[in-house]
Amino acid sequence: MRKGVTIRDVAKAAGVSIAAASTALSGNVSASTRVSGETRERIRNVARELGYVPPPPARGLKTRKAGAIGGVLPYVHAFGDQNPFCRGVMAGVVEQAITEQQNILLFTAAAEDGKTPVESGIVSPRVDGLVIVLPRPGTSLLEHCRRKQFPYVTVVHDPMPDECSVNADDYHGGRIATQHLIELGHRRIAHLVGTPHIATSRQRRAGYEDALADAGLKVDERFVVEAGFDWSDGVRGLDRLLSLPPDVRPTAVFAANDLCAVGVLKRMQELGLRAPDDLALVGFDDTWLAETTDPPLTSVHMPILEMGMTATRLLMAQMRGEEIPVPQVRLPVSLTVRSSSGASPQSEFNVDNSRSI
């Protein structure tokens with residue numbers, strides 16, 4: 001398109017009104033302005049000669065598609081503060097969106113600004129569907145999408161029966177993390193529980209408790225600490241555990257996630273303690289963060305990138321009106337063993353280690 005060519009120029013060159021030119025070029029057969037077939041063809045020929053191309057909003061009106069999907073993160077700074085889980089999910093969304101030739105709009109303030117989904121601009125003609133990461137239970141956004149039949153997929157959420165969602169097997173993750181510590185000889189194993197309203201917290205805790213039960217160990221409620229998914233929660237959680245008498249303190253900790261585990265390591269370093277000699281430690285997510293800690297963190301591997309890609313594929317299938325055989329996907333997890341987890345000082349595997357917290 002030559003610079004400066006507008007629909008006004010097309011209308012003038014074709015000798016018609018702007019409304020007639022708009023009707024002819026948009027293909028809107030229900031428009032109030034009537035244009036004969038002969039005039040319509042003349043307008044289109046003039047537009048081609050001038051090199052006129054409808055701007056993106058006009059193309060959207062014609063196709064009824066924005067050509068973009070929205071990614072909704074759970075809090076304002078979820079991307080900016082380099083939250084490794086949220087960034088990993090969005091990397092998967094972006095990778096799949098590129099394959100699907102979709103643009104992406106990123107929304108981060110919906111959960112905190114107190115506005116409705118429409119007021120926040122999330123559910124709008126700018127996007128054709130949403131990938132919603134870690135939505136809060138009962139959020140108005142999900143209800144609005146269901147009511148308006150607006151395509152969406154949740155990532156890490158207890159789904160409604162008809163909801164498309166992507167989760168990982170958090171229960172199994174909790175089991176294998178705890179089993180690993182038991183196999184190392186630990187019997188006093190603490191668990192720093194994640195944020196209560198997030199479904200993964202309950203499932204990881206259930207896996208932890210069942211692994212203890214399978215080994216004939218009782219859950220010591222003093223070792224189950226309501227913490228959260230931030231590094232500061234790990235700091236506070238460890239302080240709670242260290243407030244116990246020295247002879248009953250845990251020898252190992254299964255943290256809510258990698259960020260929480262980083263907080264534990266940070267606090268241990270401040271106190272002159274080291275993993276795994278003084279306290280064995282296992283995280284969850286196995287993000288890039290786990291490889292960069294000192295010592296490197298044993299962590300349950302969550303297929304975070306694949307979760308974002310799978311959610312995007314589900315969303316695109318919805319938007320195309322395709323049948324979705326498995327709308328609620330649960331991806332498998334595994335354990336990545338690194339240096340932060342080691343044998344218990346009291347176990348037969350490490351009888352010479354007499355250091356204690």
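The values are calculated or read from the model by the stated rules, or taken from the named source; none is laboratory data. Just so you know, these numbers come straight off a predicted model, no measurement behind them. Glycine also receives a Cβ, built like all others from the backbone with ideal geometry; neighbour counts cover every protein chain displayed. Heads up: the accessible areas ignore ligands, DNA and RNA and are worked out on the full protein's heavy atoms, side chains in. Shrake-Rupley method; radii C 1.70, N 1.55, O 1.52, S 1.80 Å.
Largest accessible area first, the residues 313, 147, 175 order themselves as 147, 313, 175 under a 1.4 Å probe with ligands, DNA and RNA left out.
Given R₀ = 56 Å, FRET efficiency for residue 247-residue 147 by Cβ-Cβ distance, to 0.05? The formula returns an efficiency of 0.45 here. If you sort 188, 338 by accessible surface, 1.4 Å probe, largest first, the order is 188, 338.
The gain in end-to-end length when the residue 219 to residue 288 segment is fully stretched comes to 21.7 nm, 0.36 nm per residue minus the alpha carbon separation.
Normalised by residue count, the range 217-286 yields a Cα convex hull volume of 92 Å³ per residue. Largest accessible area first, the residues 334, 124 order themselves as 334, 124 under a 1.4 Å probe with ligands, DNA and RNA left out.
Annotation: residue 239 carries an accessible surface of approximately 60 Å², with a 1.4 Å probe and no ligand, DNA or RNA atoms counted.
For the range 220-338, the equivalent ellipsoid derived from the alpha-carbon gyration tensor has semi-axes of 36, 15, 11 Å in decreasing order.
Note on residue 103 and residue 320: with the Förster distance fixed at 25 Å, the Cβ-Cβ geometry gives a FRET efficiency of about 0.90. Taken along the Cα-to-beta-carbon direction at a fixed 7 Å, the label points for residue 9 and residue 269 span 6.1 nm.
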